[in-house]
Amino acid sequence: MNKQYMENEIKNEMKRCIENTDSLNLFERRARLEKLFDLLELLYDVETEGGDREGDRATSGDYGDDEHYTGRVHLKLGGGTLGEERVFIPEKVLRLQNISEGDKVRATVVKRVYSNNHLKNIYSYELLEKATESVESERRVITYARVLSDDDFHGLYIEGEGDDGPLRIDLEDSARGNLNVDEGDIIDYAYWQRDPDGGRVIWIHNIDGDNILTSYDNNDVEEEDRPEQFLQNARLTVFGKGEVVEEHVEAMREAGSDVEHVEDASEEDVESRLDGAELVLVYLDSVLPPEVKKIRDSVRRKGLNVLFIQDDDLNNVFSAVQDKLENNYYFDL
C-alpha cells in the first residue's frame, strides 16, 4: 500500500462524510472531518521523514533496484531504523507490513528530492525475513488505549498495562506531538521500558470509541445471571485466534448463537464472511492492523454492527455483545 492509495482512501472517506451530513449530525460530522484532516496531515508529515514534502524538488534518474540497503530493524518510539545505515522506516510501514524488532528488511531508493537544500532519499520497503527468534526491544506500546479526561487536572490521560502492572499516562503536549488527540480517541502510545511517562502517541486509530471494549471498560459490571440460551439464533462473525478467542467462541455457541469464526483475515474474502451477520466481533490483540482496517472498511460498506474487543473477560464481552444486540448502545459508526 503506497502513499497515493492511502491519500485517496482518506479523501474518499471525507467525501462520504460530507455527502451524509445533515442538520441532525452536523456537529458529529465536523469532528469526523477534523480527524480525517489530521490523518491526512499525519500522512504527509510521516512521508517527510524520508522526504517527499510539497515543494521538494526531485532529481532525475530511475534508481530501480540499483541502490538499496538491507539489514535488521531497530525500533524507535515512532518508526524504526534499518541496519548500520540507519535508514528510517515510517511507523505506518511497520504496521502495514507487520515489521518487528530484528526483522530483515530491504529499503530501495526510488527517487531523491531536495528539501531545505538537503538531498533526501525516498524508499520503498520490503520485508525479507521475520526474525527467527524473539528479539528483545526496549520499546513498549500500549495499544488501542482510550483517551480519557481528568476534570480535576484539566488534562488527558490513558490507562494500560506495563511490565510491572497497570499504568496511568498523562498526555502532556510533548507526548501528543503534532497529533490532534481528543477525549474518546483510540490511540497507540509508545515508550521506552524504563520511562513510561516519557513516551509519545504514535497512532490514532480510525475507530469510533463507542465501538471498542477494553479491559478498563465495565470494570464495575457484576457477574450477570443470563438465560442459558441468551444468544439464541444470534448470527455473529468473529475475527481472531488464540486460546481466549476459542474459549469465547465456544461459550457464544453454547449460549445459542450461530458463530462464523475467521482466524486469519489476511487469507479470507472478508466481505463474504460477513453475510448475514447481526454483529461483527474483532479481537484486536490477535488481528494485525492491515486486517483490522480491511474488516473495518468492509463492515462500513455493509452497514453492519461491530464491536472491537481488547478484553479477555468473558462476562464483560457478553455484556457488551448483549448491549449491542439489544440496545445498540455501542453502535455509532
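The values are calculated or read from the model by the stated rules, or taken from the named source; none is laboratory data. None of the values given here were measured: they were computed from a predicted structure. Backbone-built Cβ (ideal geometry, glycine too); neighbour counts: all protein chains shown. Calculation scope for accessible area: heavy atoms of the full protein, side chains included, ligands and nucleic acids excluded. Shrake-Rupley method; radii C 1.70, N 1.55, O 1.52, S 1.80 Å.
The HN-Hα couplings worked out from phi for the range 90-95 by the Karplus form 6.51 cos²θ - 1.76 cosθ + 1.60 (θ = phi - 60°) are x, 4, 5, 5, 4, 6 Hz, whole numbers, x standing for Gly and Pro.
Rounded if a/c is under 1.5, else prolate if a/b is larger than b/c, else oblate: which is the range 79-131, with a ≥ b ≥ c the root eigenvalues of its Cα gyration tensor? The shape class here is prolate.
Ordering 105-112, 17-24, 180-187 by mean Cβ neighbour count within 10 Å, with the highest value first, yields 105-112, 180-187, 17-24. With each label modelled as a point 7 angstrom along the Cα→C-beta vector, the E247-Q229 pair spans 2.6 nm.
Cα convex hull of the range 157-287: mean projected area in nm², to one decimal?
10.3
For V110, the residues whose amide H sits under 5 Å from its own are I122, Y123, S124, ignoring neighbours fewer than 5 places away on the same chain, with H placed 1.01 Å from N. Expressed as a whole percent, the accessible surface of the range 85-165 that belongs to carbon and sulfur atoms is 43, based on a 1.4 Å probe. Close amide H contacts of I202 (hydrogens built in the peptide plane, cut-off under 5 Å, sequence separation of 5 or more or a different chain): D188, Y189, A190.
Please state the shape class of the range 64-156: rounded when a/c is under 1.5, otherwise prolate if a/b exceeds b/c and oblate if not, all from the C-alpha gyration tensor. In terms of gyration-tensor shape, oblate. Amide H contacts under 5 Å for Y216: none, restricted to partners 5 or more places along the chain or on a different chain, H placed in the peptide plane at 1.01 Å from N.
With the alpha-carbon atoms of the range 240-291 aligned to their principal axes, the span from lowest to highest coordinate is 31, 25, 14 Å, starting with the largest.
On the range 229-333, 40 percent of the accessible area sits on carbon and sulfur atoms, based on a 1.4 Å probe.
Residues in the range 67-81 carry Karplus couplings, in order, of 10, 8, 10, 10, x, 8, 8, 10, 6, 10, 4, x, x, x, 10 Hz; the curve used is 6.51 cos²θ - 1.76 cosθ + 1.60 with θ = phi - 60°, and Gly or Pro positions show x.
Quick one: grab the alpha carbon gyration tensor of the range 108-208, order the square roots of its eigenvalues as a ≥ b ≥ c, and give me rounded if a/c is under 1.5, else prolate or oblate depending on whether a/b is larger than b/c. Could you put the intermediate results ahead of the total?
Working: a/c = 2.35, a/b = 1.48, b/c = 1.58.
It is oblate, given that a/c is not under 1.5 and a/b is not larger than b/c.
Using 0.36 nm per residue of separation minus the Cα-Cα distance, give me the extension gain between E159 and D285 in nm, one decimal. Mind dumping the intermediate values first?
Working: separation 126, 0.36 × 126 = 45.36 nm, distance 1.64 nm.
Answer, rounded to one decimal: 43.7 nm.
Give me the number: length gained by fully extending D170 to T81, i.e. 0.36 nm times residue separation minus the C-alpha to C-alpha distance, one decimal in nm.
Numbers: separation 89, 0.36 × 89 = 32.04 nm, distance 2.76 nm.
Separation in residues times 0.36 nm, less the Cα-Cα distance, equals 29.3 nm.
For the range 152-269, the solvent-accessible area of protein heavy atoms averages 57 Å² per residue (probe radius 1.4 Å; ligands and nucleic acids excluded). May I ask for the distance between the Cα centers of the range 143-200 and the range 297-311, given as a whole number of Å? Centre-to-centre (Cα) distance: 25 Å.
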